[in-house]
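In what follows, a structure is listed as structure tokens, so that the remarks can point back to it.
FYI, it's all coordinate maths here, none of it is from the lab. Just so it is clear, the structure is predicted and the values come from calculations on it, not from any experiment. Glycine also receives a Cβ, built like all others from the backbone with ideal geometry; neighbour counts cover every protein chain displayed.
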Amino acid sequence: MKKAWKPTLPPFRKFKRDVYLKHSKTAGFIYQLGEGAVIRTKSQEIPVAAIAAPETKEKIAYLKKCLLRYRAITGMGRGIAAIQVGIPQRFAVIYMLDTKDIMTIINPVITKKSHSLLRFPEGCMSEGPLFAPVTRPSWIEFSYYDEQGQKQYWNTKDENQRDKITNRVFQHEIDHMDGVIFLDRADLRNLTLESDPAYYDKAAFEEVE
Ligand SMILES: [Zn+2]
């Protein structure tokens, strides 16, 4: 018998199956929001004398491995903080798009923030398939220690799209060290799941007054 009505199914069903499959894999090695208080933990500084210690080196190597594994599974992901793999210490690793190197920042301290603010969508390896626009300073300056225990400074400004994103990634990762997540700063009325394949293609930096 011919049906008088049929349901209208939601769009992008194959894409969404792939998205959830990816997250089911990455959630196996990256702590997710709500799992104990891990993601909300304030991380501790690493004493400078301990930066070169074998234990610290092994932890940094493990975090890099997790970042690369996440990127291999999802095709995205720019940075990860140690707390996201259960290490409550103030370091993070960031994939640099220009050099394809992984940069390690240890004990970062923000020393300057731009007055200009930008709005741009963010997601997080610990917050599953959620995306939302977040307003942040368009650049920051910060001091940090590298893996050799040398003090360094980041002061690359926001000349192009790539630098704007990198400055944002650093702010996102430094937030993690204080137990702060992007959802705390997000425009939640525009919270979305990773259900539109073109979401990031449509994303553009917006200046905020
Ligand atoms: Zn994150």
> How big is D, in µm² s⁻¹, for the range 29-208 by Stokes-Einstein at 4 °C and 1.567 mPa s if Rh is the Kirkwood radius over C-alpha pairs?
Replying inline: 78 µm²/s
> Where Lys and Arg each count +1 and Asp and Glu each count -1, what net charge lies around Pro197 among other residues with Cβ under 12 Å from its Cβ?
Replying inline: 0
> In nm, to one decimal, how far is the modelled label at Val180 from the one at Ser24, with both set 7 Å along Cα→Cβ?
Replying inline: 3.6 nm
>> Just to confirm a number: summing +1 for Lys and Arg and -1 for Asp and Glu over residues other than Lys113 whose beta-carbon lies under 9 angstrom from that of Lys113, what do you get?
In response: +1
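Quick check on my link table: of Lys14/Lys202; Lys42/Lys112; Lys6/Lys202; Lys25/Lys59; Lys57/Lys157, which ones sit more than 23 Å apart, alpha carbon to alpha carbon? Each step should come with its number before you reach the end.
On the way: Lys14/Lys202 20 Å; Lys42/Lys112 21 Å; Lys6/Lys202 32 Å; Lys25/Lys59 21 Å; Lys57/Lys157 29 Å.
The pairs that break the limit, which is 23 Å between Cα atoms, are Lys6/Lys202; Lys57/Lys157.
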>> Using a Förster radius of 30 Å, what is the FRET efficiency between Glu35 and Asp146 based on their Cβ-Cβ separation? Nearest 0.05, please.
In response: 0.50
> Taking the chain as a Gaussian network, Cα atoms linked when under 10 Å apart, which of Asn167, Asn190, Asn107 shows the biggest mean-square fluctuation?
Replying inline: Asn190
>> List the aspartates and glutamates whose Cα sits under 12 Å from the Cα of Lys22, skipping any in the same chain fewer than 8 residues away.
In response: Glu194
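Dividing the alpha-carbon Rg of the range 83-177 by 2.2 N^0.38 Å yields what?
Details: Rg = 13.2 Å, N = 95, 2.2 N^0.38 = 12.4 Å.
The value comes to 1.07.
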> Within the range 16-60, what residues put their amide N at less than 20 Å from the label point 7 Å along the Cα-to-Cβ vector of Tyr199?
Replying inline: 16-35
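Report the net charge of residues surrounding Ala82, where surrounding means a beta-carbon distance below 10 angstrom and charges are Lys +1, Arg +1, Asp -1, Glu -1.
+1
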>> Just to verify a number: FRET efficiency for Leu191 and Ala53, C-beta to C-beta distance, R0 = 41 Å, to 0.05?
In response: 0.50
